[in-house]
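Scroll down for the structure; my scribbles are underneath it.
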Amino acid sequence: MASRSLLPLLLGTLGALCYHKAYGISVKTDNQHVTAKEFQEAMLSCKYSAGKGIIPRVEWKKLTTRDVSFVYYKGDLVGDLKGRAEMIDSSIRIRNVTRKDSARYRCEVSAPTARGQNLAETIITLTVLVASAAPSCEVPSSAMSGTVVQLSCKENEGSPASEYKWYRNGVALLENTGTGSAKIGNVSYTMNKKTGTLLFNTVSKKDTGEYYCEASNGIGLPQKCSVKRMQVDDLNISGIIAAVVVVALVMALCGLGVFYAHKKGYFSKESSSQKKSSDYKYTPSEKDFKHTKSFVI
């Protein structure tokens, strides 16, 4: 009796498995993480299997942090890939990738079945490798010994991000992070290859030279900025003292000159003559009076 009751259950389970095989859809890819150099070819693989008699619909979407957009819809390539790619079965071959193509892409395969809409998908990540561009370098033309001086180097085109190396008079400077095992004795600078900074905590005359920076990320040839010279001079203490003495002497001579002029009365004579000229009043003479009287008659 028990064997008879189990028989319908086994038949039902077998039928369900056969039904899934006949009507189900599965999707896979040969490579979930695709890398390609800029302006070269990239293949986004998508392969599916479907039950007998099912005609599936294939769609591709580009997923970014900002939005989701179609790149293959209703049998045609659209959007960014239109004119630059082709369909090979259900896979996409991009003929010349650009840095803007770096994103996640989702291949969706769907079909209506007796059990409703059936959907399967796979996601491929495309990373476009971009060579480093010529970096921009900032090098001070002059500096005083004993001061803090920072040189900077940066470029924003490379993918992955570039690493940096500094040269002085054509010789590469050793990386020195200033801490741990990377700390180098008797070195007056700290260089960070990730940020591109070259920091002198106490610059000296021996740091005078011609500097340039090189950026590289392993894609293409390293790129460098133009050579710039940094001149480091010692602080001229004797010159500063001499200048202060000269200024003090000039001020003392000016003060003595004013004192001597005041003592000789040059300022009082000038003021008294101005006072006399201002106190003078005009009084008409008798001749002027007679002339005026005759004119009235």
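In segment 32-157, the alpha-carbon atoms span a convex hull of 147 Å³ per residue. For K224, the residues whose modelled amide H falls within less than 5 Å of its own, excluding neighbours fewer than 5 places apart on the same chain, are A215.
The amide H of Y72, built 1.01 Å from its N in the peptide plane, has W60, V78 as neighbours under 5 Å, considering only residues 5 or more places off or on other chains. Taking chymotrypsin sites (Phe, Trp or Tyr not before Pro) across segment 20-88, the ones in a DSSP loop with at most 13 further Cβ atoms lying within 10 angstrom of their Cβ are F39. Separation of segment 79-113 from segment 124-169 is 35 Å, based on Cα centroids. Put simply, the amide H of T147, placed in the peptide plane, has neighbours under 5 Å in V203, leaving out anything fewer than 5 places away on its chain.
Given N residues in segment 61-131, what is Rg(Cα) / (2.2 N^0.38 Å)?
Working: Rg = 13.6 Å, N = 71, 2.2 N^0.38 = 11.1 Å.
In units of the globular-protein estimate, segment 61-131 measures up at 1.22.
Computed 3J(HN,Hα) for segment 105-117, one whole-Hz value per residue from the Karplus formula 6.51 cos²θ - 1.76 cosθ + 1.60 where θ = phi - 60°, is 10, 10, 9, 10, 10, 9, 6, x, 10, 5, 9, x, 6, glycine and proline marked x.
Extension gain for A161 to D67 (0.36 nm times residue separation, less C-alpha to C-alpha distance): 31.4 nm. In a DSSP loop and with at most 15 other Cβ atoms within 10 Å, the trypsin sites (Lys or Arg not before Pro) in segment 100-159 are R115.
Subtracting the Cα-Cα distance of Q117 and Q231 from their residue separation scaled by 0.36 nm leaves 33.6 nm. Could you tell me which of the pairs K37/K228; K52/K100; K52/K74; K28/K194; K82/K194; K37/K82 are separated by over 30 angstrom between their Cα atoms in the structure shown? The answer is K37/K228; K52/K100; K28/K194; K82/K194. Listed values for segment 72-83 are Karplus-derived 3J(HN,Hα) couplings in whole Hz (6.51 cos²θ - 1.76 cosθ + 1.60, θ = phi - 60°), namely 9, 8, 6, x, 9, 6, 9, x, 5, 8, 4, x, and x replaces Gly and Pro.
Applying a DSSP loop filter and a limit of 10 other Cβ atoms within 10 Å to the chymotrypsin sites (Phe, Trp or Tyr not before Pro) in segment 120-223 leaves nothing.
Here, each number is a calculation from the coordinates, and none is a lab measurement. Everything numeric in this text was worked out from a predicted model, so none of it was measured. Quick reminder, even Gly has a Cβ in these numbers, built from the backbone with ideal geometry, and neighbours come from all protein chains shown.
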